[in-house]
Amino acid sequence: MQQGELISAIATAPGESGIGIIRISGKGAVDLAKRCFVPFSGKNISEYAPRQAVYGKVTGIDGQLIDEAICIIMPAPHSYTCEDVVEIQSHGGSVALREILELTYKLGARAAERGEFTKRAFLNGRLDLTQAQAVMDVIQAPTKASLKLATGHLSGHFSGKIREMRNDILALIAHLEASIDFPEDDIEDVAISETKAKAAELQGKIQKMLKSAHTGKILREGLKTAIIGKPNAGKSSIMNLLLREQRAIVTDVAGTTRDSIEETVNIGGVPLVLIDTAGIRETDDVVEKIGVERAKEYIDKASLILAVFDSSRRLDHEDEEIAELIRGNQVIALLNKSDLQAETSCDDVNALLASQNASDESIDNNLGISTIQVSAANGEGLEALEKAIQDIAYEGNNQEETADFVNDSRQAELLRQAEEFLQTATDTIESGMSEDFIVIDLRSAWEKLGEITGETVGEDIIDQIFKNFCLGK
Ligand code: GDP
């Protein structure tokens, strides 16, 4: 196994913590450990068995103690990167970690680039590209369902499916080539009918996978959601209810301005990214205060609108204005304040939204608007809301099959292209062209699938993918 340049990075999150880990990989890693780590036993670190945790101290060039630590040497190829890897587990103070990192630089390592450890694991064949991509998804998974998707990819379950399809295609190619080489045997007809049947079967499989891409994207990136409604309808109460009921606030991303704060909540396993939560808290009337244009922009940013109506008041022109604004969007209408005497019913809201949708013929009236009675005051209707959100996120995909979902747009695009080549192969057969042409189409499909797992992918794409990783991974 060829070892790359010596690289090092802090692998744990910044801030104070119990321990922090510095990871070093590449040619000379073991030597570096020998020069900066002294076991308390008095032995040399290289005398220990591979992967044994050794207690000792990290000392600087001048012999000064930097910190006490555990050092583990993982010789190639049995390490994360398949290279010699050293992990130094020190106390998790940022100064201690920085000092040790600086020391590794002085001893010949250079700063690892984003995702460089995982990139090496990929280049050395330990992980395929889908698995490597999944490493980051596991780290960033916002909900349990997202984690299930990510681990399905990391474990190789997803790439196994891709590889199976590639093997099927390869077998077809082999048969067709045999029929080209031995035209006197009558394997030709068999190979062609086999190709037609198999191509259709594979297309079916790919179409099913593509259907899951929508859900995969939501589980990975979250469903961007805007809460819209007239003043006092209960927008911020609903938002607070969602924030309270969720199992954990997973992110709290503050944008550059106060009004672009987004919070992610876990609703029935679906990560809901609530857009502009600061705006909802502080603004009484979205439309009046920020203007119709801004409100439209806000709605455009969302994939799901939670439209809040006040059931204790009659629908009025403000509600109509809201209904007009959200026309054509994926909407869940919440008829709030179900604990109070009702002045407005679900039917009234449905009628309002239907009339708004019907007034624009270009819009699909079946965009699935569901109206749910809720009470932000006592939590009534929350389960129904959770179910409605799950229905939108899973859109007919089986939750049990989460590990198989396509989870990124690059994969989806490649699957789409592979499916097209399979269709072309069938068309080529139909038009009576020779086997050589069918083989060309099949080979293209095979290559497209290979780009998903990274077997046939360009360096630029690889660089692009690992650029999005965090440092130290
Ligand atoms: P926003 O202006 O749309 O954000 O509305 P708020 O969330 O500030 O709510 C307006 C008022 O309605 C507040 O006094 C809330 O306490 C009250 N409210 C909100 N939701 C409910 C509810 O489900 N039941 C009752 N009884 N009051 C509610």
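Placing R0 at 25 angstrom, the Cβ-Cβ distance between A171 and E430 gives a FRET efficiency of 0.75 after rounding to 0.05.
Other residues whose C-beta falls under 12 angstrom from the C-beta of E420 contribute a net charge of -2, scoring Lys and Arg +1 and Asp and Glu -1.
Suppose a student asked you for the relative contact order of the chain, using Cα pairs under 8 Å spaced at least 6 residues apart; what percent would you report?
On the way: 868 pairs, mean separation 81.7, N = 473.
Reported as a whole number, the value is 17 percent.
For region 1-64, chymotrypsin sites (Phe, Trp or Tyr not before Pro) are listed when DSSP marks them as loop and at most 13 other Cβ atoms sit within 10 Å of their Cβ; the list is F40. Please state the shape class of region 385-464: rounded when a/c is under 1.5, otherwise prolate if a/b exceeds b/c and oblate if not, all from the C-alpha gyration tensor. In terms of gyration-tensor shape, oblate. Shape class for region 139-220: prolate, because the ratio a/c of the largest to smallest gyration tensor axis (alpha-carbon atoms, square roots of eigenvalues) is 1.5 or more and a/b beats b/c.
On the protein heavy atoms, probe 1.4 angstrom, tell me the percent of accessible surface of region 7-112 carried by carbon and sulfur. Solvent-exposed carbon and sulfur of region 7-112 make up 53 percent of the total. Shape annotation for the chain: C-alpha extents along the principal axes are 81, 80, 34 Å, from largest to smallest.
Judged by the ratio a/c of the largest to the smallest principal axis of the C-alpha gyration tensor, region 7-112 counts as rounded, that ratio being less than 1.5.
A dipole drawn for the chain from +1 and -1 charges on Cβ atoms has a positive end, and of I169, L241, S41 the residue lying farthest that way is S41.
Could you work out the helix-only [θ] at 222 nm for the chain, with each DSSP H run of four or more residues adding -39,500 (n - 2.57) and the total divided by the number of residues, to the nearest 500 deg cm²/dmol? Working shown, then result.
Details: 16 runs with 229 residues, N = 473.
Calculated at 222 nm, the ellipticity per residue is -15500 deg cm²/dmol.
Spacing of the modelled spin labels on I440 and D62, each 7 Å from Cα toward Cβ, amounts to 7.1 nm.
Tally the DSSP beta bridges in the chain and give the antiparallel ones as a percent, rounded to 5. Could the numbers behind the result be given before it?
On the way: 35 of 55 bridges.
Of those bridges, close to 65 percent are antiparallel.
Taken along the Cα-to-beta-carbon direction at a fixed 7 Å, the label points for A342 and R416 span 4.3 nm.
For region 7-112, what is the relative contact order in percent, using Cα pairs closer than 8 Å and at least 6 residues apart in sequence? Display every interim value, and only then the final one.
Details: 224 pairs, mean separation 37.2, N = 106.
Reported relative contact order: 35 percent.
I need the helices of the chain that pass two filters: whole DSSP H segments spanning 24 Å or more by Cα along the axis, and mean Kyte-Doolittle score no lower than -1.0. Within the chain the helices that satisfy the rule are 157-181, 187-221, 409-430, 435-453. Remark: the chain carries 47 Å² of accessible area per residue (probe radius 1.4 Å; ligands, DNA and RNA excluded). Using the Cβ-Cβ distance between E455 and E395 with R0 set to 30 Å, the FRET efficiency works out to roughly 0.45.
The values are calculated or read from the model by the stated rules, or taken from the named source; none is laboratory data. Note that this is a predicted model, so its numbers are computed, not measured. Ideal geometry is used to build each Cβ from the backbone, glycine not excepted, and the neighbour counts take in all protein chains shown. Note: areas computed on protein heavy atoms with side chains; ligands, DNA, RNA excluded. Shrake-Rupley method; radii C 1.70, N 1.55, O 1.52, S 1.80 Å.
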